[in-house]
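Worksheet: one structure, shown below.
No value in this document is a laboratory result; all are computed from the given coordinates. Source: prediction; values computed, not measured. When we count neighbours, we look across all protein chains shown, and the Cβ atoms used for this are built from the backbone with ideal geometry, even at glycine.
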Amino acid sequence: MLTASGMIAGEAILGLVVAAFYFFNKPLPVIFATPATYSGFIVLVIIAFVMVKLPLANAGSPDEPAPPTAIM
């Protein structure tokens with residue numbers, strides 16, 4: 001959950017940075033070039049895979065009783 005909220009906050013901050021460049025009619029820096037976009041997409045796919053696969057791998061069986069903290 002922490003990773004997902006960090007990605008959402010990072011996307012929001014990056015959106016504000018890009019909007020500021022457009023507002024002040026400045027060209028975007030080279031860091032936003034195409035190879036960085038591809039590598040960022042690859043990292044995003046890896047993180048998404050880990051965020052789905054890890055919780056599913058650690059999930060208990062549906063017939064197991066709930067942990068004591070969930071019963072309260």
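Here are the numbers for the structure shown:
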item: Contour excess over end-to-end distance, with Cα ends at residue 51 and residue 30 and 0.36 nm allotted per residue; result: 4.6 nm
item: Pairwise label distance in nanometres, residue 7 with residue 20, each label 7 Å out on the Cα-Cβ vector; result: 2.5 nm
item: Cα long-axis angle, helix 34-58 against the chain (0 to 90 degrees, to the nearest 10); result: 10 degrees
item: Taking only Cα atoms of the chain, radius of gyration then Dmax in Å; result: 19.4, 60
item: In degrees, nearest ten, helix 2-23 long axis to first principal axis of the chain (Cα); result: 10 degrees
